[in-house]
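Participant: Before I ask anything, let me first share the structure, which is written out below as structure tokens.
The values are calculated or read from the model by the stated rules, or taken from the named source; none is laboratory data. Just so you know, these numbers come straight off a predicted model, no measurement behind them. For neighbour counting, all protein chains shown are included, and Cβ atoms are generated from backbone atoms with ideal geometry for every residue, glycine included. Ligands, DNA and RNA are excluded from the accessible area calculation, which covers all protein heavy atoms including side chains. Shrake-Rupley method; radii C 1.70, N 1.55, O 1.52, S 1.80 Å.
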Amino acid sequence: MERSEIRGNHKEITMALLQISEPGQSTVPHEHRLAAGIDLGTTNSLIASVRSGVAGTLPDTGGNHLLPSVVRYTTAGPVVVGQTALDAASTDPLNTIASVKRLMGRGIEDVKSLGAHLPYEFVPGASDMPLLHTCHGDISPVEVSADILRVLKTRAEQTLGGELAGVVITVPAYFDDAQRQATRDAGKLAGLPVLRLLNEPTAAAVAYGLDHGSEGIVAIYDLGGGTFDISILRLNRGVFEVMATAGDTALGGDDIDRVVAQWIMQQAGIGDDAGHGQLRHLMQLARAAKEALTELPATPIDVSIDGVDDWSGTLTRAQFDELIGPLVQKTLSPCRRVLRDAGIRTEDLQAVVMVGGSTRVPLVRSRVAGFFGREPLVDIDPDRVVAVGAAIQADILAGNRPDDDMLLLDVIPLSLGLETMGGLAEKIIPRNTTIPTARAQEFTTFKDGQTAMSLHVVQGERELVSDCRSLAQFELRNIPPMVAGAARIRVSFQVDADGLLNVTAEEQVKGIKSSIEVKPSYGLNDREIETMLKDSMAHAQDDMEQRRLREQQVDAERVLEALEAALAEDGDRLLDAEERKVIAAAAAALQLAGKGSDYQAIRQAIEGVEKASSDYVARRMNDNIRKAMAGHRVDEFESP
């Protein structure tokens, strides 16, 4: 695919175009709506747009296309975003926020799990969302991201000469519902009309022009500053179908920098009690070394902070590769899994596309080439490719390309479902289901006369709710009172093109509804998605046995509750003392068995209650029939 390089220091000459039309045709031209694609990255962010039919990233007034994703807050003056903020990171670390993408959609406990290396002061917010304590006040990660987006918005509107009609913001394919919602909220806070959230691997495929007549299967390996994604896409005449996706939302270039920074600390004799400013300086040195070793066999490193801990040394490419080898290897495990989930082999792939600035590292490229058995595509600048793809999609969604029939079909990364009795997770939408999608399932009440139902939405692959992540809870009230099991509650899950979830519960008799847009205040922690999938396979047999046990325990509870209600109603009238004693003994045995973990024992105890109460059940049925026929003739019940 041909692409146009955008140079920074140049002047643009614009000319008014004379509209010419054929006689009898309208002279009103098609209105071109200004649209843009935004790559809100961990390390750098970009904005791109389609101009004169060509998609390209937009520079600032200095000709710089990359905007460092760094925000500095001060007591007086405006918020500083970009390179100027980055330059102040080591001197004012607590007020200078970098890599905020890693904090999006996470709870305070999730943030703590990222480690003590984060050079910020966190305070809990009204919800579980962590706030960063700065001299400007307590700031949420969503607000920090919004400040970055505002700068990109201003850049685009100044360059394009008008307000944006819509934008597409890219997100890692493995972002969960909370992280996606946080990204959309940041766009809204920045005053951006967000048309869609687009998975970064899909955007990269669009940028490479794989939509133009291409058919086949491609892999998108995306290693950015803070996240890693691997996606398998099937292309067929302009339709992008994501077959499977995997990754790690806490693995990227930041981790490579951190490993190098720790090596520098060891060599320089710097202890773990280093201050925030010193840690920031070391991270900057590590990043500079990483970038230098992309081209050079060795690079010098000089550490000097206020004349303390002075050290000079050299880091070779071989040493660097040894340091980061385990991190690069860690990306290959999701690659194996995604191939298995998609049901393909490496030889079935048409191409492997590299995305993200961290893919410039030679060891990354060589390991990926070795794993997939082919050289990956690296033609387009890996920093810009995602923004360019997003710009093409934004141009289509804004209505500027009415003849383009490109269709993007992404998938959800983890199963979505509900908690049922016994703490079981009932999957409604399995992972790797193509979105947008809608699924529904009917549930019922557990107790007689139940007029309300609590619905607990969960995400994960395990059979028990305790092993999954809670997303949201809501209630359906005013259910008509009925006997247990008679009510019909239809629960519908709808996942939109952005991967955001809406759940609706409707009682089928009176049509009473309750719904919730799932907006959890935190996302999955560092290794939770990876762990969920591994655990679901490693514990599959145990989980099924646990599920069978829980279901049997729930059946035991139902039998006991139904028996207790019946005895309270007419037990004294229909049973003599000896019969009641036999039934009570069977019920006690079932109650005891239900507290245990022996599936067969519970089943046998249920059968014991059914046998002990069989005569009683028959009498109740006959008694109810007599009551129903009282005052009526038999021929009134005969069929016509």
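Participant: HN-Hα J couplings of the stretch 349-361 from phi, Karplus 6.51/-1.76/1.60, θ = phi - 60°, integer Hz, Gly and Pro as x?
Facilitator: The phi angles translate into 7, 7, 7, 10, 9, 9, 9, x, x, 6, 6, 6, 4 Hz.
Participant: In terms of solvent-accessible area of protein heavy atoms at a 1.4 angstrom probe, what is the ranking of Lys513, Lys611, highest value first?
Facilitator: Descending accessible area places them as Lys611, Lys513.
Participant: How would you rank 246-255, 587-596, 224-233, 65-74, highest first, on the average number of other Cβ atoms within 10 Å across their residues?
Facilitator: The packing order, highest mean first, is 224-233, 246-255, 65-74, 587-596.
Participant: Here is a further query. Would you mind checking Lys581/Lys611; Lys427/Lys510; Lys101/Lys188 for any pair whose Cα atoms are more than 23 angstrom apart?
Facilitator: The answer is Lys427/Lys510.
Participant: Now for a different question. Any idea what the relative contact order of the stretch 333-439 is, in percent, if you count C-alpha pairs under 8 Å spaced at least 6 apart?
Facilitator: Dividing the mean separation by the residue count of the stretch 333-439 yields 17 percent.
Participant: Ok, one more. Grab the beta carbon distance between Asp321 and Glu215, set R0 = 35 Å, and tell me the FRET efficiency rounded to 0.05.
Facilitator: Computed FRET efficiency for Asp321 and Glu215: 0.40.
Participant: Show me 478-489, 363-374 ranked by packing, highest mean number of other Cβ atoms within 10 Å first.
Facilitator: Top of the packing list down: 363-374, 478-489.
Participant: Over the stretch 253-353, what is the relative contact order in whole percent, taking alpha-carbon pairs under 8 Å and six or more residues apart?
Facilitator: Reported as a whole number, the value is 23 percent.
Participant: Put a dot 7 Å past each Cα toward the Cβ at Glu579 and Ser597; how far apart are the dots in nm?
Facilitator: 4.0
Participant: Please give, to one decimal in nm, the separation of the simple spin-label points placed at Glu347 and Ala369, each 7 Å out from Cα toward the Cβ.
Facilitator: Rounded to a tenth, the inter-label distance reads 2.1 nm.
Participant: What translational D, rounded to a whole number of µm²/s, comes out for the stretch 288-369 from Stokes-Einstein when the hydrodynamic radius is the Kirkwood one over Cα pairs, at 20 °C and 1.002 mPa s?
Facilitator: 141
Participant: Further question: How many nm is it between the label spots at His32 and Ala568, if each spot is 7 Å from the Cα in line with the beta carbon?
Facilitator: 7.5
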